[in-house]
Amino acid sequence: MSTSDTVTEVKTKVFRVEQFRDPVLPAERRAELEAAEAEPLDMTVEAVLADAQAQTGLSDFGAGDFTERLGLLLEEVGGNPNLWRFAKANFRAACVKQVANRLKNKAYLDAHPEVDREVIDRPIIIVGLPRSGTTHLENLIAADRRLRHLPVYLGSEAVLAPGEAPGPDGVDPRWLRSSAHWDRMKQNAIMAAMHEHSPDHACGENELQMPDFTTYQWEWMAEVPRWRDHLLGHDQTPHYAYGKRMLKAIAHQFPSDRRWILKGNQHSEQIPALVANYPDAYVVQIHRDPLALLQSVLTMRGLSVLAHQKQPDIQEHVAYWVDRIERMLRAYLRDMDTVPQGQRLDILFGDVIADDVGTAQKVLEFAGLPSSEDSIADMREYMDSHPRGKDGRVVYDLAGDFNLDIPALRERFAFYLDRFPVRVEVKV
């Protein structure tokens with residue numbers, strides 16, 4: 001892994017991940033990981049539920065169907081002989097956290113039945129595949145003072161535990177926990193450059209489905225193809241309803257008349273479930289060169305493969321995510337017309353890059369919010385505080401790093417490229 005400095009309007013670090021071609025773990029690190037392999041690790045559903053109960057002091061999980069999905073995840077990760085124990089332990093901890101969130105969610109909803117009277121009125125929902133610019137566009141639009149967004153710290157924990165409250169300084173303990181998590185993430189400079197996850201940053205509302213163990217967010221945490229098949233084999237409408245109910249719980253905690261700006265990458269393949277739960281939403285889909293998406297996805301998710309697998313299987317990783325991106329694009333083309341007439345806007349990533357503020361203003365006008373000097377000033381201020389490349393940028397080599405045939409990939413994704421005139425970003 002190498003870094004260098006270039007000088008533009010801001011001093012930008014340039015990162016290049018080189019290990020995909022020949023992944024080698026330093027002998028000292030391998031010995032350390034091997035020494036920990038014999039330590040016991042209970043990956044059963046019962047143990048995870050018990051830990052979450054002990055952590056929260058709560059016992060009511062609500063509907064119990066989630067345990068089947070949780071069990072599939074734990075079985076698939078726990079039974080993977082190519083994963084280091086520390087990776088399994090981290091995944092287990094994430095499961096405990098989300099079960100704990102589920103317990104806290106149920107307690108809050110039981111204590112506040114009025115949550116169901118909250119109205120999520122005409123939200124603007126950014127849809128697009130991972131690494132297509134959805135996060136940037138969402139955060140840019142969220143800068144408009146007329147809108148509200150879902151910050152990372154509330155996406156991570158929708159409600160406080162019973163009896164928990166802000167400290168004497170008024171700071172929400174969820175914010176503090178999220179800030180500490182971001183500090184740990186930032187220790188990996190490449191991850192910080194690829195995806196900001198600071199507490200107040202806007203995040204996807206699919207995070208709110210994690211305690212229901214349904215969102216594709218889990219696929220970013222481990223290799224779980226059997227769980228993915230279960231996800232895609234079941235109607236996600238009720239699980240989207242779970243996420244929306246938790247969004248209402250957040251609105252209940254922080255009352256506001258402002259409309260929501262939201263986003264979710266999973267929405268691309270779940271348009272019917274999205275529309276069923278948000279029938280008055282304004283849906284904005286960003287379209288980008290699929291090969292540009294892939295090189296970013298393969299690198300970002302691939303960092304975990306390098307760190308977590310005993311013998312990193314890069315080709316299996318590549319095959320999975322090429323297939324995954326294709327499935328999501330085909331699903332969007334199949335279902336996009338189920339969005340009510342006049343409520344869908346398709347935009348190009350190239351237009352966002354060429355004029356992000358102008359494109360954001362176009363989105364607002366589409367959703368019935370007139371462009372204004374205040375709105376433009378809000379967005380300019382956001383851009384001034386978030387210059388491109390402030391945390392660095394990553395240089396990619398799709399063919400060299402991942403042994404992919406670029407012309408063959410172009411042909412594979414012709415069904416999408418023929419439909420949307422995206423700018424070709426990856427060349428032979």
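Could you list all residues from the stretch 49-77 that are of a type in the set (Gly, Ala, Ser), within 24 Å of Asp229 (Cα to Cα) and within 24 Å of the chain's Cα centre (by Cα)? Working first, answer last.
Here is the first cut: in the stretch 49-77, the residues of a type in the set (Gly, Ala, Ser) are 50, 52, 54, 57, 59, 62-64, 71.
Next cut, within 24 Å of Asp229 (Cα to Cα) only: 63-64, 71.
Within the stretch 49-77, just Gly71 meets the criteria.
Does Glu365 fit the bill of being at pLDDT 95 or above and of a type in the set (Asp, Glu)? Let's see the steps before the verdict.
Details: at pLDDT 95 or above: yes; of a type in the set (Asp, Glu): yes.
Yes: the conditions hold for Glu365.
Output the residue which, of all residues in the stretch 277-319 that are among the hydroxyl-bearing types (Ser, Thr, Tyr) and open to solvent by less than 40 Å² (accessible area, probe 1.4 Å), is farthest from the chain's Cα centre (by Cα). Working first, answer last.
First pass over the stretch 277-319, keeping only residues among the hydroxyl-bearing types (Ser, Thr, Tyr): 278, 282, 296, 299, 304.
Checking the rest, the ones that are also open to solvent by less than 40 Å² (accessible area, probe 1.4 Å) come to 278, 296, 299, 304.
Numbers: Tyr278: 19, Ser296: 14, Thr299: 15, Ser304: 15 Å.
This residue is Tyr278.
Please specify each residue of the stretch 320-362 satisfying the condition of being surrounded by 16 or more Cβ atoms within 10 Å (Cβ to Cβ), within 30 Å of Asp384 (Cα to Cα) and in contact (Cβ under 8 Å) with a residue 24 or more places away in the chain.
Arg344, Leu345, Ile347, Leu348, Phe349, Gly350, Val352, Asp356, Val357, Thr359, Ala360
Being open to solvent by less than 50 Å² (accessible area, probe 1.4 Å), over 23 Å from Glu219 (Cβ atoms) and either basic (Lys, Arg) or in a helix (DSSP H, G or I) (or both) is the filter here; which residues of the stretch 62-115 pass it?
Leu103, Lys104, Ala107, Tyr108, Leu109, Val115
Can you report the number of residues in the stretch 413-424 which are within 19 Å of Val297 (Cα to Cα) and surrounded by fewer than 17 Cβ atoms within 10 Å (Cβ to Cβ)? Step through it out loud before you land on a result.
To start, the set of residues in the stretch 413-424 that are within 19 Å of Val297 (Cα to Cα) comprises 413, 416-417, 422-424.
Those left that are additionally surrounded by fewer than 17 Cβ atoms within 10 Å (Cβ to Cβ): 423-424.
Selection size over the stretch 413-424: 2.
Restricting attention to the stretch 296-355, which residues are over 30 Å from Asp22 (Cβ atoms) and in contact with a His (Cβ under 8 Å, 6 or more places away or on another chain)?
Asp346, Ile347, Leu348, Phe349, Val352
Can you name the residue in the stretch 136-167 that is without any contact (Cβ under 8 Å) to a residue 24 or more places away in the chain and not small (Gly, Ala, Ser) and is also nearest to His197 (Cα to Cα) among such residues?
We begin by selecting, within the stretch 136-167, every residue without any contact (Cβ under 8 Å) to a residue 24 or more places away in the chain; these are 163-167.
Next, only the ones that are not small (Gly, Ala, Ser) stay: 164, 166.
Details: Glu164: 24, Pro166: 22 Å.
Going through the qualifying residues, I end up with Pro166.
So which residues in the stretch 53-93 are among the aromatic types (Phe, Trp, Tyr) and under 22 Å from Pro312 (Cα atoms)? Quick ask: steps written out before the conclusion?
Kept after step one, since they are among the aromatic types (Phe, Trp, Tyr), are these residues of the stretch 53-93: 61, 66, 84, 86, 91.
Across the stretch 53-93, the qualifying residues are Trp84, Phe86, Phe91.
The values are calculated or read from the model by the stated rules, or taken from the named source; none is laboratory data. Remember, it's a predicted structure, so these values are computed and weren't measured experimentally. Positions of Cβ are backbone-derived with ideal geometry, glycine not excepted, and every protein chain shown enters the neighbour counts. Surface accessibility is based on the protein's heavy atoms, side chains included, excluding ligands, DNA and RNA. Shrake-Rupley method; radii C 1.70, N 1.55, O 1.52, S 1.80 Å.
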